[in-house]
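Structure, as structure tokens:
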Amino acid sequence: MRRLRRAGWLPGLLLVSPSIVAIGLFVYGLIFWNTRVAVSGKHDEVSPYKFDKGKNFVDLWHQPSWPGAVRHALIFTVVFVGGALLLGAFLAFLMEKGIRGEAGFRIVYLFPMAISFIASGVVWRWLMNPAPGDRAVGLNQLFHKAGLGDLANSWWQDRTWGMAAMAIPAVWQMSGYVMALYLAGFRSVPDDLREAARVDGASEWQVYRYVVFPQLRPVTLSALIILGHISLKVFDLIMAIAGKQIITYVPAIATYVEVFDRHDPANGATIATYLLLAVAVLVIPYLVWSVRTERTR
């Protein structure tokens, strides 16, 4: 009997063992190595990996560019996550009401997600070109020709709202994905609940407010986690639009600069560890909530 039980789970173990080994080596193994470098004094390519008691995590905040990078990341995250959630939910609401050519609209909304951030960044760099007056191109030129010259601005080069403008391409690219999530959530709400609310005298707005929207909380949480994870480690979009400029400096760009430009592996690994912790703050509570939800069902 024991031999039969072993024969039952052994093929499954052999099937997934390559994935287990790959995850252990290239995910957790590299996380361990990155942490080892982050707590070392290897600030150049020839220094040994000598333990420095986590001094890098404190010293990083004394660098002039690091607090600004954190602030830029927070601005980008708030605008990107909030904009994508609102626009995606609004598009899903329109689709859920039933329109002609729904399949075509879904393709149009989801198409930007199929484009890489590098490709969309090249296009949006032209659209958000900050050149003024006769040299204006992209959106600024469109505003001038439409008689809306007051709307022309410096976009991502603005020192105050530059990162908010940088989030516009990301909102455009990911709102279709959020729309698909919310549309699935709308379609999963039973019609019986809606009809029962209407029979009780609820208006259409009250049906959505008290019946439909509360059912979408898991969808909102999932979208929030996914978008937050993307925003914290955004790199390619910013590199394609602005490059390594201090005005759009974010932690992912700082990691690249520290490792490849300044040749400081310890500082680069420290920033990467901070990013890992920031992502863990989002993902771990979500995983705990998911496990508890599954157990209560």
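A few notes on this one:
- The figure for Ile246 is an accessible area of roughly 110 square angstrom, using a 1.4 Å probe on the protein chains alone.
- Span from the region 258-287 Cα centroid across to the region 128-156 one, whole angstrom: 37
- Separation in nanometres of the label points that stand 7 Å from Cα toward Cβ, at Val78 and Arg36: 4.0
- In this simple spin-label model, placing a label point 7 Å from the Cα along the Cα-to-Cβ direction at both Leu86 and Asp52 gives a separation of 4.2 nm.
- Structure remark: mean-square fluctuation, Gaussian network model of the chain, C-alpha springs under 10 Å; the largest value among Gly201, Gly41, Gly176 belongs to Gly201.
- Residue with peak Gaussian network fluctuation, the chain [Cα springs, cutoff 10 Å], from Leu87, Leu287, Leu139: Leu287
- Label-point separation, Phe105 to Ser222 (7 Å along Cα→Cβ), nm: 2.2
- Student exercise, the chain dipole from Lys, Arg, Asp, Glu Cβ charges, in Debye to nearest 20: 1060
- Residues whose placed amide H lies under 5 Å from that of Ser40, excluding near-sequence neighbours: Asp52
- Rounded to the nearest 10 square angstrom, His263 shows an accessible area of 80 square angstrom against a 1.4 Å probe.
- Computed over protein heavy atoms with a 1.4 Å probe, the carbon and sulfur contribution to the accessible area of region 67-248 reaches 65%.
- Among Val207, Val16, Val250: highest mean-square fluctuation, GNM of the chain, C-alpha pairs under 10 Å: Val16
- If the segment from Ala202 to Val283 were pulled out straight at 0.36 nm per residue, it would be longer than the present Cα-Cα gap by 25.4 nm.
- Taking all protein chains as shown and a probe of 1.4 angstrom, Asp150 keeps an accessible surface of around 150 Å².
- Mean ellipticity per residue at 222 nm, deg cm²/dmol - from DSSP H runs of n ≥ 4 across the chain, formula -39500 (n - 2.57): -21500 deg cm²/dmol
- Quarter of the Cα convex hull surface for the chain, i.e. its orientation-mean projected area (nm²): 24.6
- Loop sites by DSSP among the chymotrypsin sites (Phe, Trp or Tyr not before Pro) of the chain, restricted to those with at most 16 other Cβ atoms within 10 angstrom, leave 50-160 as the longest stretch without any of them.
The values are calculated or read from the model by the stated rules, or taken from the named source; none is laboratory data. Just so it is clear, the structure is predicted and the values come from calculations on it, not from any experiment. For neighbour counting, all protein chains shown are included, and Cβ atoms are generated from backbone atoms with ideal geometry for every residue, glycine included. Ligands, DNA and RNA are excluded from the accessible area calculation, which covers all protein heavy atoms including side chains. Shrake-Rupley method; radii C 1.70, N 1.55, O 1.52, S 1.80 Å.
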